[in-house]
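First up is the structure itself, then whatever we jot down about it.
The values are calculated or read from the model by the stated rules, or taken from the named source; none is laboratory data. All figures in this text were calculated on a predicted structure; none of them were measured in a lab. With ideal geometry, Cβ positions are generated from the backbone for all residues, glycine too; neighbour counts draw on all protein chains shown.
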Amino acid sequence: MQVGARIGPTARRIELGIELRRLRHKANLTLEQAVKGLGFSEAQLQRVETGNIPLRQARHLRNLLKRYGVDSEEQVEAIVQLHRESGSREWTSFASTVHSTVRTFAGVESVACAIKAWHPTLVLGLFQTERYATAIFEMEKTHEEFTSEYIAQSVRLRMLRKDLLTRQEDPVRLWAILGEAALRNMVGSTSVMREQYEQIITLSALENLTIQILPTNELGYRCPNDFTILDLGGKLPTTVQVDTPWGVTSMTDKPREVGRYSRKFNALRASAMPPEKTPGFLQQLLRESADA
């Protein structure tokens, strides 16, 4: 196994999990058989294999590798080193308030080299202004019983994530498609929406960003739920994050699912307006909001 060049605990956890899953399958062991007598549970190993958590102790890892028949000391040491590098966590200041699924996604997103994203009804999180993001959480506050601390931390995390787009070194390549409804649905106030339009216009000028809008009143493919495809640079498998209508967020690197959502994205891209029309469309929305 070659340890990947990309740094960051999340990337390391994903890489470690993929390698352990590969070794377990090679040894033809179930999760139950793999953990029997080793001092941790099937659920823990499953979470390790999906990159959600690191193994807590190096001795657990060494015992696991022994059970998998890994007898090359060089390979063992490479995997142990990967385990060391996967132990810390990004976004630790959000650990007590922000949901673990959100933190995991933010960590995976932070090591992506390219992202494709679609949202039919809301402005994409990476584009949101602080006021727009706050208004979104405030709208959900009654239904989800969000605390003020949770909203503040969630908005702060969302603002930090936007650094991916404008950082000096290797800004992420983002291709985003927004449903027209995402731009017309009123969030917060007219002032909030005008500020949001202006920010997207500014972002659309960046060389690493491509932004398309899918019109409401034209025929074309529609996908009812939002999704994000994360290209992690070849060392790690491309991953898809999907939000379902009933509020469940899932992530997978299964090639079949990645392929399915890649085809969905290509269909959306073909139905959407060309990227060069995006600034003009947003300027029209600004004029309409001024006349309202």
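The condition of being modelled with pLDDT of 90 or more, exposed (fewer than 13 other Cβ atoms within 10 Å of the Cβ) and either of a type in the set (Lys, Arg) or touching a Leu at 6+ places or on another chain (Cβ under 8 Å) (or both) holds for only one of Arg194, Arg269, Arg287, that being Arg287.
Close Cβ contacts (under 6 Å, 6 or more residues apart or on different chains) running from residues in region 254-280 that are in the same structural domain as Asp231 (by TED's automatic domain parsing) to residues that are assigned to a loop (DSSP other than H, G, I, E, B) comprise Val258/Thr238; Lys264/Cys223; Ala267/Tyr221; Leu268/Tyr221; Ser271/Gly220; Ser271/Tyr221.
Of all the listed residues (Thr244, Thr202, Thr239), the sole one being at pLDDT below 95 and surrounded by fewer than 19 Cβ atoms within 10 Å (Cβ to Cβ) is Thr244.
Return yes when Val258 is assigned to a strand (DSSP E or B), surrounded by 16 or more Cβ atoms within 10 Å (Cβ to Cβ) and either touching a Cys at 6+ places or on another chain (Cβ under 7 Å) or modelled with pLDDT of 85 or more (or both) and no when it is not. In short, no. Looking at region 223-241, is at least one residue more than 22 Å from the chain's Cα centre (by Cα) and either closer than 28 Å to Lys254 by Cβ or not in a loop (DSSP other than H, G, I, E, B) (or both)? No, region 223-241 contains no residue that is more than 22 Å from the chain's Cα centre (by Cα) and either closer than 28 Å to Lys254 by Cβ or not in a loop (DSSP other than H, G, I, E, B) (or both). Say whether the condition of being touching a residue at least 24 places away in the same chain (Cβ under 8 Å), among the hydrophobic types (A, V, I, L, M, F, W, C), touching a His at 6+ places or on another chain (Cβ under 8 Å) and in the same structural domain as Glu19 (by TED's automatic domain parsing) is met by at least one residue in region 43-53. Among the residues of region 43-53, not one is touching a residue at least 24 places away in the same chain (Cβ under 8 Å), among the hydrophobic types (A, V, I, L, M, F, W, C), touching a His at 6+ places or on another chain (Cβ under 8 Å) and in the same structural domain as Glu19 (by TED's automatic domain parsing), which makes the answer no. Remark: pairs (first residue in region 181-205, among the acidic types (Asp, Glu); second residue modelled with pLDDT of 95 or more and crowded, with 18+ Cβ neighbours inside 10 Å; Cβ separation under 7 Å; 6+ apart in sequence or on different chains) = Glu195/Thr129. From the list His60, His83, the lone residue that is farther than 23 Å from Asp253 by Cα and not β-branched (Val, Ile, Thr) is His60. In the condition set (1) modelled with pLDDT under 90; (2) of a type outside the set (Phe, Trp, Tyr); (3) surrounded by 14 or more Cβ atoms within 10 Å (Cβ to Cβ); (4) within 20 Å of Ser110 (Cα to Cα), Ala176 is compliant with all but (1).
Only one entry of Glu149, Glu198 meets the criterion of being over 29 Å from Glu288 (Cβ atoms) and out of contact with any Phe, Trp or Tyr (no Cβ under 8 Å at 6 or more places or on another chain), and that entry is Glu149.
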